[in-house]
């Protein structure tokens with residue numbers, strides 16, 4: 001009896017034999033998940049492996065067809081996130097959706113406001129919120145509006161809200177996907193703090209480094225099935241990757257060396273909002289990596305070059321000739337294309353077909369007749385889809401029906417159809433599963449081999465280091481150092497030295 | 001529970017959903033026609049059908065312009081007033097100034113197109129809300145119509161002008177020919193031109209459209225200019241029908257146009273519409289008027305029925321497309 005009690009106390013959350021089907025698709029098949037109290041438990045798996053579906057079953061957005069969930073030793077069944085929160089489970093979603101005009105206090109106490117009769121007791125509520133915020137060293141007052149916060153701060157408010165609701169299990173879905181290194185560190189400190197208070201955390205992430213840094217155990221999923229659980233001590237990265245993909249991955253980055261030609265694109269003294277006096281050049285066949293913290297001016301520079309934001313000073317040269325770009329259409333005409341970091345807002349018209357999305361930027365270049373040549377367009381789209389190994393039933397399907405990795409391929413396709421001389425990729429593998437990620441890396445090498453100049457911004461140091469011929473490191477709007485591939489291969493430069501520059505060091 | 005949902009009317013649930021999503025509005029139209037035919041056999045007659053098609057041609061012009069505006073995540077509330085302005089310009093030029101019919105029509109339509117262009121420019125250049133812009137220009141345009149007509153109804157006695165509504169090519173009245181031509185052109189514009197693609201892209205995701213090199217100013221200005229142009233044509237047909245220029249006509253016409261668009265599957269979230277869908281929406285509205293008149297139901301109830309049918313159709317659409325949410 002005593003032994004049984006002990007066993008029950010050990011796990012805060014026990015999911016056994018969970019199955020869930022949508023129509024004919026089996027999203028989860030006899031899945032297990034055991035989370036101990038006060039641990040950080042990683043969920044790892046490619047997109048579509050079933051992680052999100054399982055989490056949605058836990059917070060009550062889906063009901064499992066089969067299987068049982070126990071929370072704190074008791075059978076647990078909820079009909080939605082509100083009930084889940086009352087039971088002690090909270091989920092911080094990857095894409096935060098705050099009410100921009102509510103204050104922090106109003107957000108924290110949403111649906112459980114302090115009231116005096118039928119009126120809100122704003123004063124008491126603000127004081128209570130202020131007290132909670134102080135415990136977390138939050139830099140803003142409780143009256144600050146949500147829209148004034150950074151993404152990292154909004155996320156922190158969500159965590160604070162969960163804790164103030166006495167959540168004993170917090171699910172974090174890709175919590176660092178829009179955070180820079182410093183903000184990530186801060187989040188990790190908070191996670192460790194929560195852990196020490198006995199709060200269990202389910203941590204979903206594609207970033208292996210983070211899982212190794214912060215997590216105690218990891219459960220791996222593949223194609224809706226549970227592969228196994230490992231303790232983070234003693235498991236290797238390669239072992240986890242092979243569990244995830246079911247095959248051994250030899251080389252994580254497929255970088256091939258190809259001939260580097262003449263300078264294709266050059267900027268001199270480029271300035272704009274968030275960046276100042278930027279000069280660099282990129283050559284034919286070269287992959288130029290751009291590293292630096294989020295907000296250091298990397299994306300801002302590229303948006304400026306592509307004509308999305310105004311440039312206040314400096315010159316740009318394409319194949320030796322000076323060019324002026326005031327809007328994206330001019331950039332596209334010149335052969336400069338950009339895959340934006342934010343696929344949902346800047347990449348795709350999700351309710352339109354794959355074909356329409358792919359063809360959009362090149363319509364003025366390829367369709368000269370008054371009526372569209374849909375045959376040629378279809379051929380172009382199908383060829384491009386084949387080259388990118390796009391997985392879609394038909395190009396007439398709407399873009400939202402695709403997985404993240406395939407959506408990203410559609411975005412790549414629309415720019416490749418423009419035959420760019422310079423291809424700018426801003427976080428090309430964000431929110432993309434491991435398999436598609438490696439495919440996109442291979443494609444980048446192919447583009448370079450065909451003579452494109454590729455500029456890649458990435459927040460993942462291993463990615464930048466593994467894929468680039470040369471890396472520019474940004475710090476507060478300026479370039480603070482350049483690292484060549486040979487220096488990385490020879491070991492003269494490493495993650496630490498690059499990160500040091502990103503933080504302003506030499 | 002899950003098993004039960006799989007089959008609906010002997011069809012796979014998913015297939016049924018797709019079918020209704022695509023043809024649901026056609027099914028509603030058919031059910032309506034059968035229902036009215038049973039209630040009043042005269043409804044089925046060829047002459048009544050020609051009659052309905054002639055009547056809806058005016059709303060059709062406005063609805064096609066409206067569907068463009070709604071698809072770019074906007075709305076054009078100025079169309080009713082445009083009708084009045086076109087009517088008054090025609091009356092003033094033809095009856096009082098003795099202009100020829102063709103130059104008068106050209107001027108009138110140019111003016112309505114110009115107002116559409118102004119709407120589009122204000123909306124796209126200054127990023128103003130389409131609702132607010134067209135609500136305001138609607139007031140200006142109607143005021144202008146009153147100034148042009150001097151507040152008086154101007155009868156147009158020119159018989160050739162009246163022919164615009166009554167002339168026939170074989171059994172088909174001229175307005176139906178205009179309707180067919182407009183439908184074909186709209187279909188080509190939306191589905192077979194770059195402009196159509198831009199309209200969809202801008203409506204679905206404006207940021208992504210900008211990042212793909214699409215000019216928002218050009219696309220939206222052209223959208224509202226076309227809406228103004230079509231409202232102009234509607235105004236000419238309407239004036240020929242009544243043979244009188246009045247500044248108080250066209251009130252509430254934007255409602256019927258919006259209703260036809262919504263029934264036809266045009267999404268207020270932007271980026272989704274089809275020309276066949278809108279055409280069917282136009283006929284549903286037409287049949288509500290015509291059928292209820294034939295059956296002898298009071299006009300108050302027509303308005304109520306219209307409202308109920310729209311809510312019902314949209315609700316059905318929401319339920320059918322729930323998964324896409």
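Each value in this text was obtained by applying a stated rule to the coordinates, not by laboratory testing. Remember, it's a predicted structure, so these values are computed and weren't measured experimentally. A quick note on method: Cβ atoms are made from the backbone with ideal geometry, for glycine too, and the neighbour counts reach across all protein chains shown.
Points to keep in mind about this one:
- Distance in nm between pseudo-label sites at residue B:128 and residue A:182 (7 Å out along the Cβ direction from Cα): 4.3 nm
- Whole-Å distance, taken between Cα centres, linking the range A:338-357 and the range A:170-229: 29 Å
- The slack between residue A:396 and residue A:317, meaning 0.36 nm per residue of separation minus the straight C-alpha distance, is 24.6 nm.
- Normalised by 2.2 N^0.38 Å, with N the number of residues, the alpha-carbon radius of gyration of the range A:346-419 equals 1.00.
- Calculated FRET value between residue A:225 and residue A:63, using beta carbons and R₀ = 22 Å, to 0.05: 0.65
- Taken over the range A:115-158, the percentage of Cα pairs per 5 Å bin, counting from 0 up to the bin with the maximum distance, is 5, 21, 28, 21, 14, 8, 3, 0.
- Neighbour counts of other Cβ atoms within 10 Å put A:317, B:253 in the fewest-to-most order A:317, B:253.
- Theoretical gain in end-to-end length, residue A:281 to residue A:330 [0.36 nm per residue, Cα-Cα removed]: 15.7 nm
- Taking every Cα-Cα distance in the range A:346-389 and sorting them into 5 Å bins from zero, the calculated P(r) comes out as 5, 21, 29, 26, 15, 4, 0 percent.
- Both the radius of gyration and Dmax for chain B are 20.6, 74 Å, in that order, over alpha-carbon atoms.
- Between residue A:96 and residue A:495, the contour length at 0.36 nm per residue exceeds the Cα-Cα span by 140.7 nm.
- Size of the range A:32-128 as Cα extents on the principal axes (Å, biggest first): 46, 30, 27
- Using the Cβ-Cβ distance between residue A:29 and residue A:151 with R0 set to 51 Å, the FRET efficiency works out to roughly 0.90.
- Peptides A:370-376, B:208-214, A:164-170 ranked from most to least packed, by the mean per-residue count of other Cβ atoms within 10 Å: B:208-214, A:164-170, A:370-376.
- The range B:188-245, Cα convex hull volume normalised per residue, Å³: 85 Å³
- Considering only chain A, percent of DSSP beta bridges that pair antiparallel, nearest 5: 55 percent
- Relative contact order (%) - chain A, alpha-carbon pairs under 8 angstrom, separation at least six: 15 percent
- Nearest 10 degrees, 0 to 90: helix B:299-320 Cα axis against chain B principal axis: 40 degrees
- The value for the range A:360-506 of Rg(Cα) / (2.2 N^0.38 Å) is 1.24.
- Site pair residue A:262 and residue A:209 shows an inter-label distance of 3.8 nm when each label is modelled 7 Å from Cα along Cα→Cβ.
- Sequence of B:267, B:37, B:45 once ranked by neighbouring C-beta atoms within 10 Å, starting from the fewest: B:45, B:37, B:267
- In range of the label at residue B:107: residues from the range B:138-158 whose backbone nitrogen is under 13 Å from the point 7 Å along Cα→Cβ: B:148-149
- Alpha carbon convex hull of the range B:221-313, volume per residue in cubic angstrom: 128 Å³
- Cα-only Debye scattering, the range A:2-245: base-10 log of I(q)/I(0) at q = 0.07, 0.10, 0.18 Å⁻¹: -0.24, -0.50, -1.42
- CD proxy at 222 nm, helix term only [per DSSP H run n ≥ 4: -39500 (n - 2.57); per residue of the protein assembly as shown; nearest 500]: -16000 deg cm²/dmol
- The alpha carbons of the range A:456-506 occupy a box of 27, 21, 14 Å along the principal axes, longest dimension given first.
- Chain B, relative contact order [Cα under 8 Å, separation at least 6], %: 32 percent
- Chain A: angle of helix A:374-387 to the longest principal axis, Cα-based, in degrees nearest 10: 70 degrees
- The angle separating the long axis of helix B:13-39 from the principal Cα axis of greatest extent in chain B is about 60 degrees.
- A Förster radius of 22 Å combined with the Cβ-Cβ distance from residue A:450 to residue A:365 puts the calculated FRET efficiency at roughly 0.75.
- Cα radius of gyration and Dmax for the protein assembly as shown (Å): 31.2, 106
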